[in-house]
Amino acid sequence: MLRVYNTLTKTKEPFETVEPGRVGMYLCGPTVYKPSHIGHMVGPVIFDAIKRYLVYSGYQVTWVVNITDVDDKLINESNARGMPMAKLAEEMTADYMRNITAMGVDAIDHFPRCTATMPEIIRFAQDLIDKGFAYAAKGDVYFDVSKDKDYGKLSRRELEAMQGEGGGMAERKRNAADFALWKSAKPGEPAWDSPWGPGRPGWHIECSAMSKKILGETFDIHGGGLDLVFPHHENEIAQSECCHGRPMARYWMHNGLMQASDEVGKLGGRSTKPMEGDLAAQEAGKISKSKGSAPFSELLKRFPAEAIRFFLLSTHYRRPIDYSEARIAEVQTGMETFYRFLKRFERISGESFYALDAPRTRKASDFGPGDGPLLQAVVAEREKFLEAMDDDFNTGGGIASLFDLVRLLNKYADDEKLEDPAKREPAKLHQLKRGTQVFKEIAGALGLFRKPVEEKSTVADDGLTAKLMSLLIELRAEARKKKDFAAADRIRNGLAEIGVILEDRPSGTEWSAK
RNA sequence: GGCGCUGUAGCCAAGUGGCUAAGGCAGCGGAUUGCAAAUCCGCCACCGUGGGUUCGACUCCCACCAGCGCCUCCA
């Protein structure tokens, strides 16, 4: 039984969808005005794993991630660069797509763009005016929060306490907390025609319009970063629920934010410390404001994408993540265990792990009783994994099962001496294979180990390297036979110095470039 | 000031009202190995502090301390 934490109720609730067997999921995507940084990857990676797990659990899932391609920040940035907003948005969208694809996020079904949803957005705003929840004022349109009795229910705020947007818009609003559905364009700004004159959508309306367009008036999961609870999601709820008279989403899921813990200093609460001109500290803390928030593409050059994905999934999604490169490097070390096992499996079985058939759904993965001690243990481990994931997508707990599973499989290969080709009885290989299939099955539910990591080609391989290596290995084998260990070790140590590791096994010596 | 989150081993990080408190990194023993590498086995936590509830709390409640988020169009 899957249980999901709902920000709306602040409890874990049993997961029940609007339509049996189907899930509609909306994740607030990026405003494409700058290259994405690692913080932008948190939501996509987590919700990618969530979608995979839901699909694995038998649901048919439609996942929508919006692209905000009109917005004040975009206008500012395009002015600063002297580049048309549309071109800037296009470039930054491409950057975002490259990054999430590298992270293995390829299960998003729709990427609606704000600029391509104008008719629906305008109609939505008009609907709200018609129903008395919004009003036009000098080319702007505002949502009237005083008309919404439920306003504040997501973030649990009292209306009185809200300050609202400041600036020149304030005097056109009836209440300080009213927010813009439509903003009139200043001369030279990108604009779309509307019943209220040329302008652009407010920040929140696009998500209401797009989610309605693709997922309907009530859908199952609405996700985003914790920072979006207020005002963004609060306002989306206000718009959609006032417009439709029914709940917008059943489950509101919010991921913790990434923090650059070791690169920046401490950041005190705003009211507790006056922050006397300490801009650096103000810029610190949350990574999106941090100066150290380098483009994600840079990070990808230094670490394998899968290690970053693993890192993001190793913490529970609702907790903040402390980001540091040292941590990613640590995770990378840990992952070697898996890659080594995958190679070991291929060496022993002669089959490719990545080509291995594995169950795609938990239903399809049934083991009968009497499958032997190894598979009994494997199935028990799989149960632990499912239990963790069923509990609000506890990927951190699930990853522990991955490690335990590999240990089980390694131990079996050790105990049965499967490195020795003579000991590879078909029945034993079969056991190992079934166990490995389960590993692949649950790793796949997290979106891990789906594709071979690209071999970094440190040498232009024309076959020469391989030939030289086999010659060296042969020479060393002869030396070892003659108990000339000095010579053997000299070869191994010498190769180690230039980054080539030799490993002796019953089946022969293998080499790998570090 | 308002709303809220977090505090588990050297580091990261799951989890539970009572059985030996996951897993990873680092470290230390051992098996294996000619020696290594890899693998396996073992060791390494009185769960922020002080109270309370309870037969019993790390797990529930209160207070405090520390760190953090939002209340300002950040994912």
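Only one of the numbered conditions (1) of a type in the set (D, E, K, R); (2) open to solvent by 60 Å² or more (accessible area, probe 1.4 Å); (3) without any contact (Cβ under 8 Å) to a residue 40 or more places away in the chain; (4) closer than 26 Å to A:ILE321 by Cα is not met by A:ARG450, and that is (3).
Looking only at residues of region A:312-328 that are near RNA strand B (Cβ under 8 Å from one of its atoms) and assigned to a helix (DSSP H, G or I), we find that the one that is least open to solvent (accessible area, probe 1.4 Å) is A:ALA326. Restricting A:GLY224, A:GLY199 to residues that are within 24 Å of the chain's Cα centre (by Cα) and either open to solvent by less than 10 Å² (accessible area, probe 1.4 Å) or within 14 Å of RNA strand B (Cβ to nearest atom) (or both) narrows the list to A:GLY224.
Scanning region A:87-105 for residues that are open to solvent by less than 10 Å² (accessible area, probe 1.4 Å) and small (Gly, Ala, Ser) turns up at least one hit. Which of the residues belonging to region A:490-514 are exposed (fewer than 14 other Cβ atoms within 10 Å of the Cβ) and either without any contact (Cβ under 8 Å) to a residue 60 or more places away in the chain or assigned by TED's automatic domain parsing to the domain that holds A:ALA413 (or both)? Those that are exposed (fewer than 14 other Cβ atoms within 10 Å of the Cβ) and either without any contact (Cβ under 8 Å) to a residue 60 or more places away in the chain or assigned by TED's automatic domain parsing to the domain that holds A:ALA413 (or both): A:ARG490, A:ASN493, A:GLY494, A:ALA496, A:GLU497, A:ILE498, A:GLY499, A:ILE501, A:GLU503, A:GLY508, A:SER512, A:LYS514. Do we find a residue being free of Cβ contacts under 8 Å to residues at least 60 places away in the same chain, assigned to a helix (DSSP H, G or I) and under 21 Å from A:ILE214 (Cα atoms) anywhere in region A:36-52? Yes - at least one qualifying residue is present in region A:36-52. Taking region A:30-58 as the range and being within 16 Å of RNA strand B (Cβ to nearest atom) and touching a Ser or Thr at 6+ places or on another chain (Cβ under 7 Å) as the test, the residues that pass are A:PRO30, A:THR31, A:VAL32, A:PRO35, A:HIS37, A:GLY39, A:ALA49. Which of the residues belonging to region A:16-58 are among the aromatic types (Phe, Trp, Tyr) and farther than 17 Å from A:HIS316 by Cβ? Listed by number, the residues that qualify are A:TYR26, A:TYR33, A:TYR56. Could you please let me know if A:ASP109 is touching a Ser or Thr at 6+ places or on another chain (Cβ under 8 Å) and open to solvent by less than 40 Å² (accessible area, probe 1.4 Å)? It is false that A:ASP109 is touching a Ser or Thr at 6+ places or on another chain (Cβ under 8 Å) and open to solvent by less than 40 Å² (accessible area, probe 1.4 Å).
The values are calculated or read from the model by the stated rules, or taken from the named source; none is laboratory data. It should be emphasised that the depicted structure is a prediction, and the values quoted were computed from it without experimental measurement. For neighbour counting, all protein chains shown are included, and Cβ atoms are generated from backbone atoms with ideal geometry for every residue, glycine included. To get the accessible areas, we keep the full protein, side chains included, count just its heavy atoms, and leave off ligands, DNA and RNA. Shrake-Rupley method; radii C 1.70, N 1.55, O 1.52, S 1.80 Å.
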